[in-house]
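Take a look at this one; I'll ask things after.
The values are calculated or read from the model by the stated rules, or taken from the named source; none is laboratory data. Keep in mind it's a predicted model, so treat the numbers as computed, not measured. All Cβ positions, even for glycine, are placed from backbone atoms using ideal geometry, and neighbour counts span all protein chains on display.
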Amino acid sequence: MKLGKLIEKAIRLRGQQFDTDIMTDWINEIEGQAVEMVIGRAKGYDAEFVPYVYELDAETELRIPDRFQDVYLNYIFSKIDFNNQETERYNNDVAMFTSAWEEYGSWFIRNHEQKPLPCFKNL
């Protein structure tokens with residue numbers, strides 16, 4: 001999914017309570033975590049995360065596949081609800097985000113060979 005399309009979908013679902021730059025920052029948070037914690041640990045993936053700028057990157061394809069777009073959407077929704085002090089909605093969004101994140105991470109690990117973990121020796 002492209003950055004602009006994702007933000008447009010979030011706005012259609014929740015309204016435009018925050019501007020596109022703030023929503024892009026939230027996407028940068030989760031995209032950076034995906035690169036560091038999931039994608040970057042697979043063999044053949046030496047991705048470096050460069051934060052998106054909405055005006056320049058609206059047509060850029062995000063790294064998490066479309067079938068896992070709930071990772072992005074639920075993260076954005078949780079940020080909206082947190083900032084609006086809507087605790088119950090926030091808790092629900094975080095639970096849904098966590099589930100989507102774990103599903104994505106598990107799928108990625110099953111389908112990509114992982115880099116060997118570093119070994120430390122006690123001298």
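Mind listing just one residue for me: the one in region 60-82 that is among the basic types (K, R) and not in a loop (DSSP other than H, G, I, E, B) and, of those, nearest to L3 (Cα to Cα)?
Keep residues of region 60-82 that are among the basic types (K, R), which gives 63, 67, 79.
Pick out the ones that are also not in a loop (DSSP other than H, G, I, E, B) and you get 67, 79.
Details: R67: 15, K79: 17 Å.
Applying the filter and picking the extreme gives R67.
Got a number for residues in region 92-116 being in a helix (DSSP H, G or I) and surrounded by 13 or more Cβ atoms within 10 Å (Cβ to Cβ)?
Filtering region 92-116 for residues in a helix (DSSP H, G or I) gives 92-111.
From the residues that got through so far, the ones that are surrounded by 13 or more Cβ atoms within 10 Å (Cβ to Cβ) too are 92-94, 96-101, 103-105, 107-109.
Matching residues across region 92-116 total 15.
Looking only at region 65-103, which residues are among the aromatic types (F, W, Y) and either at pLDDT below 95 or under 10 Å from the mean Cα position of the chain (by Cα) (or both)?
Start the filter on region 65-103 by keeping residues that are among the aromatic types (F, W, Y), which leaves 68, 72, 75, 77, 82, 90, 97, 101.
Answer for region 65-103, where residues must be among the aromatic types (F, W, Y) and either at pLDDT below 95 or under 10 Å from the mean Cα position of the chain (by Cα) (or both): F68, Y72, Y75, F97, W101.
How many residues does region 44-59 contain that are surrounded by 13 or more Cβ atoms within 10 Å (Cβ to Cβ) and either under 10 Å from the mean Cα position of the chain (by Cα) or under 17 Å from G4 (Cβ atoms) (or both)?
5
Still on this structure: Quick one: which residue in R67, R89 is in contact with a helix residue (DSSP H, G or I) (Cβ under 8 Å, 6 or more places away or on another chain) and surrounded by fewer than 19 Cβ atoms within 10 Å (Cβ to Cβ)? Break it down into steps so the answer makes sense when it comes.
On the way: R67 fails: in contact with a helix residue (DSSP H, G or I) (Cβ under 8 Å, 6 or more places away or on another chain).
The match here is R89.
Out of G4, G40, I need the residue that is more than 30 Å from E113 (Cβ to Cβ) and in a helix (DSSP H, G or I). Which one? Before you say what the answer is, go through the steps one by one.
Details: G40 fails: more than 30 Å from E113 (Cβ to Cβ).
Answer to the check: G4.
Now for a separate question. Would a scan of region 14-36 turn up a residue that is surrounded by 15 or more Cβ atoms within 10 Å (Cβ to Cβ), of a type in the set (V, I, T) and touching a residue at least 40 places away in the same chain (Cβ under 8 Å)?
Yes, region 14-36 has at least one match.
Under 8 Å between Cβ atoms, at least 6 apart or on separate chains: pull out the pairs that start in region 94-108 with a residue that is of a type in the set (S, T, Y) and end on any residue that is assigned to a helix (DSSP H, G or I).
These pairs meet every condition: Y104/A34; Y104/F68; Y104/V71.
Which condition from (1) within 29 Å of P116 (Cβ to Cβ); (2) among the aliphatic types (A, V, I, L, M); (3) touching a residue at least 24 places away in the same chain (Cβ under 8 Å) is the one that V53 breaks?
Condition (1) is where V53 drops out.
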